[in-house]
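*Asks:* Dropping the structure in here first, questions after.
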Amino acid sequence: MELNLIAAVTKDWGIGANGGMLCSLPEDMAFFRTMTAGAIVIMGRATLEALPDARPLKGRNNIVLSRNPEYTCAGACVVHSAAQALRAAADIAVERIAAGESMPQVYVIGGGQVYRQLLPYCTGAWITRMELQMPAESFCPDLDAEPGWQLTHTGESLVSTKEGVPFRICRYTNTQPLAAL
């Protein structure tokens with residue numbers, strides 16, 4: 001099972017503040033929807049609660065990490081550790097393969113704590129690098145500074161039609177991923 005991280009970050013790798021995203025680019029959201037459609041997504045409770053109506057993403061298997069053992073969420077598998085998240089993703093993948101599907105993609109979609117916990121297990125990352133600086137409370141690990149991570153593709157420079165923010169979609173590869181299970 002391959003695990004990938006997907007995030008939109010500012011110049012200093014900021015991803016969120018005040019319980020929400022720093023900036024939402026329609027082009028990045030379309031890229032996110034395309035990449036994660038039909039996938040297994042792993043997120044933290046706060047990321048789930050920042051989604052529209054605080055509901056799991058449609059058309060995906062949602063795994064939510066929460067430290068609260070009483071936390072529940074209809075339509076999502078709630079787990080309480082990174083190891084449980086990896087096990088749940090593997091179990092879902094096995095079930096889907098047994099049902100005749102191909103191996104599903106697995107994406108870590110946030111927030112900052114979940115990115116840090118699962119980063120060693122990720123084989124790659126899709127990062128939308130926004131040419132923007134904003135005050136942030138939550139950060140994605142800086143993959144340019146992380147040992148074992150290499151920038152392997154830099155997309156063309158684009159400008160968001162709604163926000164006017166320049167951005168690029170970049171691919172990073174982990175040369176030393178830990179086995180997920």
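*Asks:* What share of the DSSP beta bridges in the chain is antiparallel, in percent to the nearest 5?
*Replies:* Looking only at bridges with both residues in the chain, the antiparallel portion is about 45 percent.
*Asks:* Continuing with the same structure: How many Å² of accessible area per residue for the stretch 9-77, probe 1.4 Å?
*Replies:* Counting only protein heavy atoms, the per-residue value for the stretch 9-77 is 51 Å².
*Asks:* Counting other Cβ atoms within 10 Å, keep those with at most 15, restrict to DSSP loop, and tell me which trypsin sites (Lys or Arg not before Pro) in the stretch 34-67 are left.
*Replies:* LYS58, ARG67
*Asks:* May I pose another question? I'd like the carbon and sulfur percentage of the solvent accessible area for the stretch 113-181, probe radius 1.4 Å, heavy atoms only, ligands and nucleic acids excluded.
*Replies:* Solvent-exposed carbon and sulfur of the stretch 113-181 make up 52 percent of the total.
*Asks:* For the stretch 19-86, which GluC sites (Glu not before Pro) are in a loop by DSSP, counting at most 10 other Cβ atoms within 10 Å?
*Replies:* Passing sites in the stretch 19-86 are GLU70.
*Asks:* Helix 26-36 versus the longest principal axis of the chain: what is the Cα-based angle in degrees, 0 to 90, to the nearest 10?
*Replies:* Approximately 30 degrees, to the nearest 10.
*Asks:* Once both axes come from the Cα atoms, what is the angle between helix 82-98 and the longest principal axis of the chain, in degrees from 0 to 90, rounded to 10?
*Replies:* Long axis of 82-98 versus the principal axis of the chain: about 70 degrees.
*Asks:* Over the Cα atoms of the stretch 111-173, what Rg and Dmax result, in angstrom?
*Replies:* Every Cα atom of the stretch 111-173 included, Rg and Dmax give 12.8, 35 Å.
*Asks:* Please compute the volume of the convex hull spanned by the alpha-carbon atoms of the chain and report it per residue in Å³.
*Replies:* In the chain, the Cα convex hull volume per residue is 118 Å³.
The values are calculated or read from the model by the stated rules, or taken from the named source; none is laboratory data. Nothing here was measured: the structure is a model prediction, and the numbers come from that model. Note: ideal-geometry Cβ built from the backbone for every residue, glycine included; neighbour counts use all protein chains shown. SASA here: full protein model, heavy atoms, side chains in, ligands and nucleic acids out. Shrake-Rupley method; radii C 1.70, N 1.55, O 1.52, S 1.80 Å.
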